[in-house]
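Below: the structure, in structure tokens.
The values are calculated or read from the model by the stated rules, or taken from the named source; none is laboratory data. Only a predicted model underlies this, so the values are computations on that prediction, with no experimental measurement involved. Virtual Cβ from ideal backbone geometry, glycine too; neighbours counted across all protein chains shown.
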């Protein structure tokens, strides 16, 4: 896909982190970018910076997503690019001992369900909603491409750590559905690719101490540092531009393999 002002994109989680970086990178190519997020402070700010449009939405709600997409499509037209960057993290073991009381308790099921709802079901709601619109578009020459969908999984999908069961399950689901969704949409010229980021400097790391950050950076074989959101965005742009990238799950991780803890 040639990225220019004739192309519209929607980026979820676009107010910060990987989503904001992806929105900026696409806008730099001339793409008309719509942001979906729950952050009414940062969302409009990023949209203004890139000449885009912001719409507040909860990706777990079909009604909320439909309203947001209607707003963005009214501003920019039907999107040919969807970048799913919205997500949440949770650290909790399958079962654990409470240090203060010695009680043994299971994982909070409501918390587990919330992570699955946002990271996996929310991603699928966006995919299905966006793909439905993309299928109405005229195909682009020379390959008949109508659109491209980028999803954000995680290296935790393949080597989740202690306390990451909910997060790993949600991201594993995203990775696992990449190929069947790509196959579902192939006849209509819509590609689907998932990126599995390693340790990236996003708001999820805001509470990490400098000492812990150094330890995390040392675990990355090369380059020995946290990834920059702009590097995720660079790959997202390359996925859009390279039509042969389809049905793939791509690790972007500096060759890290997560240890148990």
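Numbers for the structure displayed
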{"item": "Selection from region 204-247 of residues that are over 27 Å from residue 185 (Cα atoms) and in contact with a strand residue (DSSP E or B) (Cβ under 9 Å, 6 or more places away or on another chain)", "result": "220, 226, 227, 228, 229, 231"}
{"item": "Any chance residue 111 is touching a strand residue (DSSP E or B) at 6+ places or on another chain (Cβ under 7 Å) and closer than 30 Å to residue 2 by Cα", "result": "no"}
{"item": "Hey, residue 133 within 25 Å of residue 249 (Cβ to Cβ) and surrounded by 15 or more Cβ atoms within 10 Å (Cβ to Cβ) or not", "result": "yes"}
{"item": "Residue check for residue 137: at pLDDT below 95 and touching a strand residue (DSSP E or B) at 6+ places or on another chain (Cβ under 8 Å)", "result": "no"}
{"item": "Check on residue 8, out of contact with any helix residue (DSSP H, G or I) (no Cβ under 7 Å at 6 or more places or on another chain), more than 22 Å from residue 167 (Cα to Cα) and either surrounded by fewer than 24 Cβ atoms within 10 Å (Cβ to Cβ) or modelled with pLDDT of 95 or more (or both)", "result": "no"}
{"item": "Qualifying residue in region 230-242 (condition: modelled with pLDDT under 95, surrounded by 18 or more Cβ atoms within 10 Å (Cβ to Cβ) and within 18 Å of the chain's Cα centre (by Cα))", "result": "no"}
{"item": "Any helices (runs of 4 or more DSSP H) falling wholly within region 143-261 and containing at least 2 residues that are touching a residue at least 12 places away in the same chain (Cβ under 8 Å) and farther than 18 Å from residue 25 by Cβ", "result": "156-159, 165-185, 210-218"}
{"item": "Any chance residue 84 is surrounded by 18 or more Cβ atoms within 10 Å (Cβ to Cβ), closer than 19 Å to residue 34 by Cα and at pLDDT 95 or above", "result": "yes"}
{"item": "Any hit, region 167-179, residues being surrounded by fewer than 23 Cβ atoms within 10 Å (Cβ to Cβ), at pLDDT 95 or above and at positive phi", "result": "no"}
{"item": "Among the candidates 83, 95, 66, 89, residue that is touching a residue at least 12 places away in the same chain (Cβ under 8 Å) and out of contact with any strand residue (DSSP E or B) (no Cβ under 9 Å at 6 or more places or on another chain)", "result": "66"}
{"item": "Complete set of residues in region 1-31 that are more than 19 Å from residue 133 (Cα to Cα) and within 14 Å of the chain's Cα centre (by Cα)", "result": "13, 14, 15, 16, 17, 18, 19, 20, 21, 22, 23"}
{"item": "Odd one out for residue 46, checked against (1) crowded, with 23+ Cβ neighbours inside 10 Å; (2) within 25 Å of residue 140 (Cα to Cα); (3) over 13 Å from the mean Cα position of the chain (by Cα)", "result": "(2)"}
{"item": "Candidates 261, 183, filtered to the one that is surrounded by fewer than 16 Cβ atoms within 10 Å (Cβ to Cβ) and within 26 Å of residue 125 (Cα to Cα)", "result": "183"}
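Condition check ((1) within 23 Å of residue 205 (Cα to Cα); (2) surrounded by fewer than 18 Cβ atoms within 10 Å (Cβ to Cβ)) across all residues:
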| residue | (1), (2) |
| --- | --- |
| 53 | no, no |
| 108 | yes, yes |
| 118 | yes, no |
| 128 | no, yes |
